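Only one structure is covered here, and it is reproduced in the block below.
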Amino acid sequence: NDDLDAIRKDKNISSIYGAVMGQELVSYEDLLKKIFLMGVSYEAPEVDGSNVKLGRFFTREEEYSMSQVAVLGYKVWQDLFDDENPVGKSISIKGKKFKIVGVMDERGTAFMMDLDNNIYMPLETMQKRILGTDYVSFAVAKMKDPTIAKKTQEDLTYIMREQHDITDPDKDDFAVNTMDEAQEMLGSIVSGITAL
């Protein structure tokens with residue numbers, strides 16, 4: 001989480017969100033389903049360009065107070081509520097009640113993940129109340145000026161080395177990738193899988 005705060009200070013970063021993932025049993029009334037959970041920072045919709053269909057996304061205050069609130073992906077909403085407006089209702093995750101504050105618009109698939117089959121909750125809520133961790137799995141940042149992506153990538157690499165006290169580049173415990181590089185890596189993984 002400290003890394004995110006440091007990256008936010010870079011002059012070409014307009015917003016950033018960290019994320020952690022997991023699967024848990026989710027219940028609503030007599031329904032019980034194993035659903036993919038994503039803990040994300042409150043800036044996620046701004047970075048991703050995603051929209052809320054019903055209600056709202058959670059706020060900065062809800063994130064930092066570890067509020068037990070949730071935003072449903074489109075398919076999760078359909079599966080649990082069958083078009084009924086769920087805003088204000090509660091679901092149970094790992095024995096804890098989460099108040100639904102919103103439903104996301106249909107988003108489709110990105111990086112081999114069905115974004116409509118997720119439940120989104122504040123990053124720190126997921127870390128502390130669900131997973132018992134204090135780190136992020138990955139972060140996504142939005143640049144003010146994408147034409148200087150390479151320079152920004154170098155700047156963020158420097159910031160991360162400072163954050164992690166790394167002086168030898170061969171000992172980096174992180175990777176900073178542009179979206180083009182990430183898509184290229186994913187393409188080679190998919191090609192490799194297809195070729196098997």
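The values are calculated or read from the model by the stated rules, or taken from the named source; none is laboratory data. These figures come from a predicted structure and were not determined experimentally. Don't worry about glycine lacking a Cβ; one is built from the backbone with ideal geometry, like all the others, and counts go over all protein chains shown. For the accessible areas, the whole protein counts, side chains as well, though only heavy atoms, and no ligand, DNA or RNA atoms are used. Shrake-Rupley method; radii C 1.70, N 1.55, O 1.52, S 1.80 Å.
Data for the structure
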{"read-out": "Selection count where residues are open to solvent by less than 40 Å² (accessible area, probe 1.4 Å) and in a helix (DSSP H, G or I), scope segment 156-179", "value": "4"}
{"read-out": "Any hit, segment 35-48, residues being surrounded by fewer than 17 Cβ atoms within 10 Å (Cβ to Cβ), at pLDDT 95 or above and either part of a loop (DSSP other than H, G, I, E, B) or not basic (Lys, Arg) (or both)", "value": "no"}
{"read-out": "Unmet requirement for GLN153, which otherwise passes all of (1) open to solvent by 10 Å² or more (accessible area, probe 1.4 Å); (2) in contact with a strand residue (DSSP E or B) (Cβ under 9 Å, 6 or more places away or on another chain); (3) farther than 19 Å from LEU25 by Cβ", "value": "(2)"}
{"read-out": "Number of the condition not met by LEU80 [criteria: (1) out of contact with any Asp or Glu (no Cβ under 8 Å at 6 or more places or on another chain); (2) at pLDDT below 95; (3) assigned to a loop (DSSP other than H, G, I, E, B)]", "value": "(3)"}
{"read-out": "Residue tally, condition surrounded by 15 or more Cβ atoms within 10 Å (Cβ to Cβ) and in a strand (DSSP E or B), over segment 100-109", "value": "5"}
